[in-house]
Amino acid sequence: MKLTADEQGKLTLHRPGEPDARDVRLRRAFPWSHRESFISIRSAEGNELALIEDLSALDPQSRQLITDYLTQAVFIPRIKHIDAIDVRFGYQQWSVQTDRGPAQFRVQEREDIRFLPDGRYSIRDADGTVYELPRMDQLDERSRKALGPLI
């Protein structure tokens, strides 16, 4: 099995004895807990064609192609710093710095902040965008103080 990208960035899956599958998509089966494992290769219609159990088992070129594709295709900004969290009438207004630049968003419910098993958090804003917040010990003191009343 081999993946290649054309000049437009569309992926083609090459498998011995089978026709090439063009314009395939990649999806992480477990995006929060197993980012480097269980990568599903799907047809444009959404049917699973193959499953990569572990990216480390691939050659460096294939691994880089898959990592680059997933980075561009999946939009989960990672919060690097919290500037402020303003708790208002039943919602929170967040002002943060992410790996994709500054962001401001509203969190409607306390349940939209979810603790992940490895200590990180996923935060879903009112528009449905999901943000990743690192473990508390990886945040600066100001960010930890802003989070204190919420977590």
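Just a few scattered comments:
Conditions tested, residue by residue: (1) out of contact with any helix residue (DSSP H, G or I) (no Cβ under 8 Å at 6 or more places or on another chain); (2) assigned by TED's automatic domain parsing to the domain that holds V130; (3) surrounded by 13 or more Cβ atoms within 10 Å (Cβ to Cβ).
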residue: L13; (1), (2), (3): yes, no, yes
residue: P16; (1), (2), (3): yes, no, no
residue: A21; (1), (2), (3): yes, no, yes
residue: V24; (1), (2), (3): yes, no, yes
residue: A29; (1), (2), (3): yes, no, yes
residue: H34; (1), (2), (3): yes, no, yes
residue: S43; (1), (2), (3): yes, no, yes
residue: A50; (1), (2), (3): yes, no, yes
residue: S56; (1), (2), (3): no, no, no
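- The stretch 58-81 - residue that is in contact (Cβ under 8 Å) with a residue 60 or more places away in the chain and among the polar types (S, T, N, Q) and, of those, surrounded by the fewest Cβ atoms within 10 Å (Cβ to Cβ): Q72
- Of all residues in the stretch 112-143, those being in contact (Cβ under 8 Å) with a residue 60 or more places away in the chain and either aliphatic (A, V, I, L, M) or assigned to a loop (DSSP other than H, G, I, E, B) (or both) number 4.
- One residue stands out among those in the stretch 15-36 that are in contact with a Ser or Thr (Cβ under 9 Å, 6 or more places away or on another chain) and modelled with pLDDT under 90: the one that is farthest from D118 (Cα to Cα), which is R27.
- Under the condition of being among the hydrophobic types (A, V, I, L, M, F, W, C), part of a strand (DSSP E or B) and under 16 Å from E132 (Cα atoms), the residues counted in the stretch 52-111 number 8.
- Annotation note: of V130, V96, the sole residue that is more than 16 Å from the chain's Cα centre (by Cα), surrounded by 15 or more Cβ atoms within 10 Å (Cβ to Cβ) and either under 29 Å from S37 (Cβ atoms) or not assigned by TED's automatic domain parsing to the domain that holds F30 (or both) is V96.
The values are calculated or read from the model by the stated rules, or taken from the named source; none is laboratory data. Bear in mind that the values here come from a model prediction, so they are computed numbers and not experimental data. Using ideal geometry, Cβ is built from the backbone for each residue, glycine included, and neighbour counts are taken over all protein chains shown.
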